[in-house]
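The values are calculated or read from the model by the stated rules, or taken from the named source; none is laboratory data. Computed from a prediction, not measured in an experiment: that's the story for all the values here. So basically every Cβ, Gly included, is an ideal-geometry build from the backbone, and we count neighbours across all protein chains shown.
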């Protein structure tokens, strides 16, 4: 449902037993105790999650501000320094990685939205066979990324790959798809779009089936064309769902790691080195540079958070305008 | 999506306040834990103190019956200990049984009945291996003796992940190894690894084709190119020469061979400046590599070729000459290969005007001792035995690995045992420029530019000057 300021419906949609009313009064003492018991039972799991997720994040941020070396006696950290951030800002491949990751995110999300929208529209009209089609479409999404990356690696192989043979049909002579910057990036995008378009399609389909039919009937009565119906009715009503799909995809695409790691190793040169790959290389592979690596990770997280906040603000304003 | 309706402010605030409080508590606890863990500025002595640093500490180095350094089982740490317990970390050496690691351990335990060795199987990918080892040793634990790549001495030495063996073993021990190997294991004047078995580049050739065309095994690169062109003109193979120039460490190995043949080197003797632009050798070497592809002698996919791609091309009969490591001989003679019985091995060629043979890049594995180990004396004994004549003989004759012990390499029984070992005494070795702890970044500068030049996206001179400035910037503290 679109964001509205209408009063809550009679059935509030809360899980049974929860009234949403404030817990005061004799009847609610029991409920309060139940709530506390619930917290007590989930506390161990929550503490564990806090240790496994919150602690490494905080530790990583702390490391990014210190000079870190690793010896056989453990981490040796000293002082508070902004040197790690200065280092990455002056490091060419980092600036490239930011541009590459942002550009990659924008392009793949746009393409996936368009393709996913098309697939969702078709699926919505299928009555029988929708289940089977959805299952088939979800196959790429369900494959583990590393496995599908290996499959794409075979497809892109210069001597035996089907993709290379296909490109040769179009006139390219002895193409080495993963060996040149532009073609490697496009190859990466193709593999990613193939994998995540079904995910976007499913989200958009879920939004599509919830749209009220009466608006469409009214539009038909008024003689609106298909295109007008789509652009003036479907898309605006679908805005929250589209926003959700974009949010999910952006968060995912910013962490781009497994595909380039398997397909190109970040190469050729550093053409497909995304922020996540650069951070991994800095800390664990080439440089054993813990401070700068943590700085890369922290700055990436910051970028994502800022991006999502901006997006949310713009999106909320847009949605409010549409409805109001 | 369910809506929660409009709740009165008071209860919402109470609920939200609870969540905020819980989250704040989690973060505060994390900061406190991280804070007290990270202020460890212990003195980094290189002896075998156990872990005390950070929250990754814990876990000693295996069960041990022996005491500290120098007082173990009747001997000082000179390799004469007679009791102790060792955790030996090694990745698989071969893919078929019997397992050489287990065979060697059994033989060692027979010679030293009171020293118990436990094998820990390591990941086969060398970079994964290094990450895991770094985590373990940095966490204060780790194995006692580990088998590591030949390019690790400087990185591991500077992080004190390995014991300087030259503190415990005399020069006479290090002189038992083939020339070039100990230089590659040295950092800051100390030797950190004992060469265990080595690998190097060889020239594999189709002896049936050379015989049919009355051609000699090429002694110069120029001769190899002209012979390839003849062979390709007669359509006997698709390509002349396949090697490795993908964007990975193997490209550095291949480049080192061409570079040293041309008379160049990567680093100066103090390992703090790049010598790539000091003379014309690097550009000459890289121009030659690029010309192999541009003239059609090598496939255009060379800039994506790793060992497997080159091996497949040669095994399928698509190439007349191959540059690969020692295992390539047995792989080319395994079932499924189209060149069984048709392969010869020779040292690599060099450029015209230089003395034959050309240089082969050193690969292979060293044995290192963990400073966190509680029984360094037993560890040194184990290392000495594994690099001694008996163990090296087993490696060579039973498992066809190239021994590092010089006397074993030239023993006639070993030389006769397979085609590759027969060539080994005739080759010349050159190490990669791993004397600097920043070797990984130096190698990356080399292989990224080499691969780009071979693939044609950079000119050789631009690639060399880019590599040169990249290396200088890394060595002077730039980069990450």
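Worth a mention:
- Residue in segment A:255-266 that is in a helix (DSSP H, G or I) and within 30 Å of residue A:125 (Cβ to Cβ) present: no
- Looking across B:151, B:182, one residue alone is without any contact (Cβ under 8 Å) to a residue 24 or more places away in the chain and farther than 29 Å from residue B:340 by Cα. It is B:182.
- Qualifying residue in segment A:177-185 (condition: touching a helix residue (DSSP H, G or I) at 6+ places or on another chain (Cβ under 7 Å) and over 23 Å from residue A:277 (Cβ atoms)): no
- Number of positions in segment B:80-91 that are surrounded by fewer than 22 Cβ atoms within 10 Å (Cβ to Cβ) and modelled with pLDDT under 90: 3
- So residue B:335, is it over 22 Å from residue B:247 (Cα atoms) and either crowded, with 24+ Cβ neighbours inside 10 Å or assigned by TED's automatic domain parsing to the domain that holds residue B:450 (or both): yes
- Any strands (runs of 3 or more DSSP E) falling wholly within segment B:193-270 and containing at least 3 residues that are at pLDDT 95 or above and under 24 Å from residue B:440 (Cα atoms): B:194-200
- Selection status of residue A:38, within 31 Å of the chain's Cα centre (by Cα), loosely packed, with under 14 Cβ neighbours inside 10 Å and either more than 30 Å from residue A:302 (Cα to Cα) or modelled with pLDDT under 90 (or both): no
- Some residue of segment A:298-315 being farther than 17 Å from residue A:103 by Cβ and in a loop (DSSP other than H, G, I, E, B): no
- From the list B:278, B:285, B:271, the lone residue that is touching a residue at least 12 places away in the same chain (Cβ under 8 Å), over 21 Å from residue A:154 (Cα atoms), surrounded by 22 or more Cβ atoms within 10 Å (Cβ to Cβ) and away from chain A (no Cβ under 14 Å) is B:285.
- Put simply, of A:201, A:182, A:135, A:206 the only residue that is assigned to a helix (DSSP H, G or I), closer than 28 Å to residue A:266 by Cβ and modelled with pLDDT of 90 or more is A:182.
- Hits in segment A:174-183 - residues which are surrounded by 18 or more Cβ atoms within 10 Å (Cβ to Cβ) and either more than 10 Å from chain B (Cβ to nearest Cβ) or without any contact (Cβ under 8 Å) to a residue 40 or more places away in the chain (or both): A:175, A:176, A:177, A:183
- Taking residues in segment B:291-307 that are facing chain A (nearest Cβ under 7 Å) and without any contact (Cβ under 8 Å) to a residue 40 or more places away in the chain, and partners anywhere that are surrounded by 15 or more Cβ atoms within 10 Å (Cβ to Cβ) and in a loop (DSSP other than H, G, I, E, B), the pairs with Cβ atoms closer than 7 Å and at least 6 places apart or on different chains are B:300/A:176; B:301/A:158; B:301/A:159; B:301/A:176.
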